[in-house]
Amino acid sequence: GLDPDLLDLDEALDELGGLDARKAQVVEMRFFGGMTNPEIAEALGLGLTTVEDDWYAARAWLGRRLR
């Protein structure tokens, strides 16, 4: 079956998406899309700093959520 960690991550991302859709999108594009922060910034029409802030905040939130 599917890796339970991935299922947990998927659920956590759904939750994060409900709180902050953009942060969830940044995580998905990096984690599942293998995109870099500059690529994500360009794709979403955001500044690089915004994407980096979203990435760090989302990672911290997911770290707490998945503990």
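The values are calculated or read from the model by the stated rules, or taken from the named source; none is laboratory data. In this text, all values refer to a predicted model and were calculated from it rather than measured experimentally. Backbone-built Cβ (ideal geometry, glycine too); neighbour counts: all protein chains shown. Just the protein is used for accessible areas: all its heavy atoms, side chains included, with ligands, DNA and RNA removed. Shrake-Rupley method; radii C 1.70, N 1.55, O 1.52, S 1.80 Å.
Give me the percent of the accessible area of the chain that comes from carbon and sulfur atoms, probe 1.4 Å, all protein chains in place.
Values: 2190 of 4360 Å².
That fraction is 50 percent.
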query: Of ALA24, ALA12, LEU48, which is farthest on the positive side of the dipole of the chain, counting Cα position, with +1 on Lys and Arg Cβ, -1 on Asp and Glu Cβ, and the Cα centre as origin?
result: LEU48
message: Between GLU42 and ALA21, what is 0.36 nm times their sequence separation minus the Cα-Cα distance? Round to one decimal in nm.
response: 5.8 nm
message: Taking Rg/Rh (Cα atoms, Kirkwood Rh) straight from the coordinates, which label in (1) 0.92; (2) 0.98; (3) 0.95 is the correct one?
response: (2)
- line: Sequence order, region 21-27: Karplus ³J(HN,Hα) from phi using 6.51 cos²θ - 1.76 cosθ + 1.60, θ = phi - 60°, Hz rounded, Gly and Pro as x, gives 4, 5, 4, 4, 5, 4, 4
